[in-house]
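A.B. asks: The following block contains the structure, expressed as structure tokens.
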Amino acid sequence: MSDNPLRRPIGWWLKHLDGLLDLGFEATLGAQDVSRRQWQILNGLIEGTPPAELLASLTVFEESGGVHEALASLVERGWLHSGHRIDRNIGAASAETSDVPPAETSEVPHVELTDEGRRQHARIAEEVRAMRTSVTEGLSADDYHAVVTGLARMAENLERRLA
């Protein structure tokens, strides 16, 4: 760390940390041959987030990682099961059965973790935990609480000012 971290503004530290977190997750997940989107899907499903809610929350990333591409890949690996064919290119799903007209097909495929998906999630989760632990190394629980609380307060202050 630099001699005096206060010589740089908080915005610099936020952007720097954000970039390092991205690199850290990319390296950690890349070593497991999993993309960030794939991890978010696996983790969300393990936590019990309904698939429609999970996919809706991830569509903000559609341009930079392809949520449906990640879904299709997880289905191909046997980590997820879906009753729909997931279109990698346009982000829509269509029923595999011919008795469902395309107009009635949901754009949110029903997906669920397979036993293999659960095993892989547990394995990858250990690596993610280790990465997260390394990020907070040297911070006490009180330090971490103060940092997060302070950042939340700053965000609230700016939201209020900009409202």
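Here, each number is a calculation from the coordinates, and none is a lab measurement. Here the structure is a predicted model, which means the values were calculated and not measured. Ideal geometry is used to build each Cβ from the backbone, glycine not excepted, and the neighbour counts take in all protein chains shown.
A.B. asks: Could you order peptides 66-72, 76-82 by the average number of other Cβ atoms within 10 Å of their residues, highest first?
C.D. replies: Ranking the peptides 66-72, 76-82 by packing returns 66-72, 76-82.
A.B. asks: Next up: If each residue of separation counts as 0.36 nm, what is the full-extension length gain between residue 20 and residue 59 once their alpha-carbon separation is subtracted?
C.D. replies: Roughly 11.7 nm would be gained on extension.
A.B. asks: Arrange the peptides 112-124, 14-26 so that the one whose residues have, on average, the most other Cβ atoms within 10 Å appears first.
C.D. replies: 112-124, 14-26
A.B. asks: For every other residue with a beta carbon closer than 14 angstrom to the beta carbon of residue 22, add +1 if it is Lys or Arg and -1 if Asp or Glu, then tell me the sum.
C.D. replies: Summing Lys/Arg as +1 and Asp/Glu as -1 gives +2.
A.B. asks: Give me the extension gain from residue 129 to residue 159: residue separation times 0.36 nm, minus the current Cα-Cα distance, reported in nm with one decimal.
C.D. replies: Answer, rounded to one decimal: 7.7 nm.
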